[in-house]
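First comes the structure, then the notes that go with it.
The values are calculated or read from the model by the stated rules, or taken from the named source; none is laboratory data. Predicted model only: the values in this text are computed from it and were never measured. Ideal geometry is used to build each Cβ from the backbone, glycine not excepted, and the neighbour counts take in all protein chains shown. In case anyone asks, the SASA skips ligands and DNA or RNA and just uses the protein heavy atoms, side chains included. Shrake-Rupley method; radii C 1.70, N 1.55, O 1.52, S 1.80 Å.
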Amino acid sequence: MAMIEDEFAIAVAETTPAMLWMGDALGRCVFLNSALRRFWGVDPQHLDQFDWTSTLHPDDIELLSKPFGEAMAAHTPFTIEARYKRADGVFRIMRTEANPRFGHDGAFLGMTGLNIDVTEQRHAEQQSRYLMGELNHRTKNLLAVVMAIARATAKSTDPQRFLDTFSSRLSGLASSNDLLVARDWSSVSLSDLVTSQLQTISMEKDERVAFGGPNISVCPQHAQTVGMALHELATNSLKYGALSEPHGRLRVVWHTTGREHWRLEWRETVKRTLSAPERRGFGHVVMVDMVEHAVGGKVHLQFEPHGVIWSLDV
């Protein structure tokens, strides 16, 4: 009966996908199941020549030696994670869970354990921590922008005007962020950025509006700021500029001006004579100062008698 039980235990150990091992009182391997032999590329006929410590990553030797030595000396269980070189030369993170083994007379015989490859799990956790850090950073930046918009908009003493203007500016900011989320926060095209801001004022298909240019991608940090500037230009046009009158025209174009340079131009044309603003408000800060600071480009804002011209050279 004992022989049958031993044969069954060996069969289970050999066929299980788990990596099982057994060591002697000196820490040498006396048994590796097939899964662990494949991992290390060990010939079962030469198990006595195999030294598992030789597969340890050099930086993890000290990490493992202390808990392993203490467990061997005290005959207690231990759990540790370390990197081991696989048969193909690739280092993998292994979680080792071991328990002491004793003979009938109570003598310590060594450790019996299980190795679990947790490489993907640890990489996923690391990526998750990175993404949470990025999300936290972006959230703080976004809140800072929202607070700046709120402070600047609050200069209006009319509560309803404040609410309308603040809501409109947040809508423009949200539109740019929606694009970034849809692109996994990588980059957005100028075409999508312009279209999205015209959509916030329902003017992307208006016959008075024409826009277009080559495929130019804008990084996330620049997309938010340029998007806010375009939204400010669009709402101003709708209230006071080309889009406020039947015969007004708006043309938005962009093109490359060199291998690593591009230009975006917003040009409005109206029949009536326009007067330049008497003071620089928050709109000017958004359209000029914020863009130049964030993008590192040059913004030109001109109030011509028959229209506004805004351009960005990056």
Checklist line | Debye equation applied to the C-alpha atoms of segment 15-91, log10 I(q)/I(0) at 0.17, 0.26 Å⁻¹ | finding: -0.72, -1.44
Note to self: Could you give each residue of segment 297-314 its phi-based ³J(HN,Hα) in whole Hz, using Karplus coefficients 6.51, -1.76, 1.60 with θ = phi - 60°, and x for Gly or Pro?
What the structure shows: x, 10, 10, 10, 10, 10, 9, 7, x, 10, x, 9, 10, 10, 9, 10, 10, 10
Check: Given H placed on each backbone N at 1.01 Å, which residues far from His306 in sequence or on other chains put an amide H within less than 5 Å of it?
Finding: Leu274
Margin query: What's the longest uninterrupted piece of the chain once you rule out the GluC sites (Glu not before Pro) that are loop residues per DSSP with at most 11 other Cβ within 10 Å?
Written below: 1-206
Note to self: Per residue of segment 229-242, what does 6.51 cos²θ - 1.76 cosθ + 1.60 with θ = phi - 60° give for ³J(HN,Hα)? Whole Hz please, x for Gly and Pro, Karplus curve as stated.
What the structure shows: 5, 5, 5, 5, 4, 5, 5, 5, 5, 5, 8, 10, x, 4
Item checked: Crossing angle, helix 61-74 versus the chain [Cα axis fit, 0-90 degrees, rounded to tens] -> 40 degrees
Notebook entry, point to check: With the contact rule set at Cα under 8 Å and sequence spacing of 6 or more, what percent relative contact order holds for the chain?
Noted result: 10 percent
Next item on the list: Could you look at the chain and say what percent of its accessible area is carbon and sulfur, using a 1.4 Å probe and all protein chains?
Entry: 55 percent
Note to self: What do you get for the angle between helix 159-182 and the principal long axis of the chain? Use alpha-carbon atoms, 0 to 90 degrees, nearest ten.
What the structure shows: 50 degrees
Check: How long are the semi-axes of the ellipsoid equivalent to the chain, from square roots of 5 times the Cα gyration tensor eigenvalues, in whole Å, largest first?
Finding: 71, 20, 16
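With +1 on each Lys and Arg Cβ and -1 on each Asp and Glu Cβ, how big is the dipole of the chain about its Cα centre, in debye rounded to the nearest 20?
1940 debye
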Notebook entry, point to check: Short version: ³J(HN,Hα) in whole Hz for each residue of segment 80-90, in order, from phi by Karplus 6.51 cos²θ - 1.76 cosθ + 1.60 (θ = phi - 60°), x for Gly and Pro, what are they?
Noted result: 8, 10, 7, 9, 10, 7, 6, 4, 8, x, 8
Item checked: Over the chain: helical MRE at 222 nm, DSSP H runs n ≥ 4 each giving -39500 (n - 2.57), nearest 500 -> -13500 deg cm²/dmol
Margin query: Just to confirm the filter: which trypsin sites (Lys or Arg not before Pro) across segment 187-270 are DSSP coil and have at most 15 other Cβ within 10 angstrom of their Cβ?
Written below: Lys205, Arg259
